[in-house]
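Report on one structure; see the data block that follows.
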Amino acid sequence: MRNTLRNTLRNTVLLAGMLACIGTIFALEKPFRQYPGVEYPRFEVPPNWDERTEFVFARMMFGGGWNDGYRGRFDGDWRLGMTLWTQDYPRADRHFSEAVRRLTRIHVRKVEQPVNLDENEEFDLPWLYAVQVGEWGITAKQGQELREYLLRGGFFVADDFHGDTERKVFEDSMQLVFPERRIVEIPDDDPVLHLVYEIDRRIQIPGEAHLREGCKNCATGGRGSHWRAIYDDKGRIMIAISYNSDLGDAWEYADDPHYPEREASVAMRIGVNYIVYSMTH
């Protein structure tokens, strides 16, 4: 009788735990939202956009900074779209998500998830991406939210900033996140360069508007590829930094014949490596 009661109690606890886990999994899924972008005010939602998956491309929303190149053209509420954070959105996000579905066994949602740090939406997501980080204007509160997210195991990709001025803007913003940590070049033997694809050529990946020159802000520090990072105390990359390269444009124009295949392929491969790294480290 005592053993039967013990087994019943154990099974009840296990069932409750399983239900709690299932409830947590479903709770992690945020409602999908689509905003008008600076390049794509309207964009068709693909079929099966609402399927439950194990990974979603999360794009960080933010306001513009003093160096915002869209100031005067898009000065509305950044929380409603049509501002700096929507550069390449959502075409880049969906092209890249589709590539990950094809190139890996990761079950990726077909549509992205815009994330507002002010609403604590990031903590259930392994990956967070932001574009134009040399012109953004994150707040001290958002910097602390990002810090907490990264220290809990999150992975952030900072993309598309070029030259000395934009580099200074980004580096100053990192003082709001990790004032005690240095930005360093990713060494050749780091696992992030070897997880799925062997990345042995760190080429510069220009934006679509700068293909002829091969760089943006070329005369003021914009030449040369730099793949940088901020690490935690255990050697895990928390922030992967694309300085003088534009992964987002390479994803956005990956299916366009006029965008170079080499640059698009490298951008896809390093992006896949970053995702697998974010889910395994």
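Bear in mind these aren't lab numbers, they're just calculated from the coordinates by the rules spelled out. Computed from a predicted model, the values in this text were never measured in an experiment. Backbone-built Cβ (ideal geometry, glycine too); neighbour counts: all protein chains shown.
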Q. In degrees from 0 to 90, rounded to the nearest 10, what is the angle of the helix 163-174 Cα long axis to the longest principal axis of the chain?
A. 30
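State, as an integer percentage, the relative contact order of segment 34-98 based on alpha-carbon contacts under 8 Å between residues 6 or more apart.
Details: 68 pairs, mean separation 30.9, N = 65.
RCO, segment 34-98: 47 percent.
Taking Cα pairs under 8 Å and at least six residues apart, what relative contact order does the chain come out at, in percent?
Details: 494 pairs, mean separation 49.6, N = 281.
This gives 18 percent for the chain.
How big is the charge dipole of segment 230-280 about its Cα centre, in debye rounded to the nearest 20, if each Lys and Arg gets +1 on its Cβ and each Asp and Glu gets -1 on its Cβ?
Working: 4 positive and 9 negative charges, 74 e Å.
So the dipole magnitude of segment 230-280 works out to roughly 360 debye.
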Q. Quick one, what does Rg over Rh come out to for the chain if you take C-alpha atoms and the Kirkwood Rh?
A. 1.02
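Using the Cβ atoms and a cut-off under 15 Å, what net charge is assigned to the surroundings of PRO191, where Lys and Arg are +1 and Asp and Glu are -1?
Numbers: positive: LYS234, ARG236, ARG269; negative: ASP188, ASP189, ASP190, GLU198, ASP200, ASP232.
Taking every Cβ under 15 Å from that of PRO191, the sum is -3.
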Q. Of HIS258, ALA130, TRP66, which is farthest along the charge dipole of the chain in the positive direction, counting Lys and Arg as +1 and Asp and Glu as -1 at C-beta?
A. ALA130
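Please give the calculated 222 nm ellipticity per residue for the chain, where each DSSP H segment of at least 4 residues contributes -39500 (n - 2.57) and the sum is spread over every residue; nearest 500 deg cm²/dmol? Before the final figure, lay out the partial values.
Details: 6 runs with 90 residues, N = 281.
It lands at -10500 deg cm²/dmol.
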**Q.** Environment charge at ARG101 (Cβ cut-off 10 Å; Lys +1, Arg +1, Asp -1, Glu -1)
**A.** +3
Q) Where does each of ILE106, ILE138 land when they are ranked from fewest to most other beta-carbon atoms within 10 angstrom? A) ILE106, ILE138
Q.
Could you tell me which residue out of THR86, PHE156, PRO31 lies farthest along the dipole of the chain toward its positive end? Charges go on the beta carbon: Lys and Arg +1, Asp and Glu -1, centred on the Cα centre.
A. PRO31
Q.
Could you tell me how far the Cα centroid of segment 130-196 sits from the Cα centroid of segment 86-124, in Å?
A. 18
Q: Specify the residue with the greatest mean-square fluctuation among LEU193, LEU80, LEU146, computed from a Gaussian network of the chain linking alpha-carbon atoms under 10 Å apart.
A: LEU80
Q | Residue-count net charge about VAL266 - beta-carbon cut-off 9 Å; Lys, Arg +1, Asp, Glu -1 | A | +3
Q.
Can you tell me the orientation of helix 140-151 relative to the chain, as the angle in degrees between its alpha-carbon axis and the longest Cα principal axis, to the nearest 10?
A. 60
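Checking a compactness column here: for segment 196-281, what do you get for Rg(Cα) / (2.2 N^0.38 Å), N being the number of residues? If you can, show how the numbers build up before the last one.
Values: Rg = 13.7 Å, N = 86, 2.2 N^0.38 = 12.0 Å.
The reported ratio for this selection is 1.14.
Can you sort VAL133, VAL272, VAL184 by how many other beta carbons sit within 10 Å, fewest first? Present the calculation step by step, with values, prior to reporting the outcome.
Numbers: VAL133 28, VAL272 20, VAL184 11.
So the ranking, lowest neighbour count to highest, is VAL184, VAL272, VAL133.
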Q) Based on Cβ point charges of +1 for Lys and Arg and -1 for Asp and Glu, what charge dipole magnitude is obtained for the chain about its Cα centre, in debye rounded to the nearest 20? A) 1040
Q.
How far apart, in nanometres, would the label points at THR139 and ARG181 be if each is projected 7 angstrom from Cα along the Cα-to-Cβ direction?
A. 2.3
**Q.** Simple label model, 7 Å out from Cα along Cβ direction - ARG152 to THR53, nm
**A.** 2.2
Q. Helix 2-28 sits at what angle to the longest principal axis of the chain, using alpha carbons and giving 0 to 90 degrees rounded to 10?
A. 20
Q) Considering the Cα trace of segment 130-192, what is its radius of gyration and what is Dmax, both in angstroms? A) 12.2, 35
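To the nearest 20 debye, what charge dipole does segment 29-122 have about its Cα centre, counting +1 at the Cβ of each Lys and Arg and -1 at the Cβ of each Asp and Glu? Intermediate values should be presented prior to the final figure.
Numbers: 15 positive and 17 negative charges, 75 e Å.
Around 360 debye, computed over segment 29-122.
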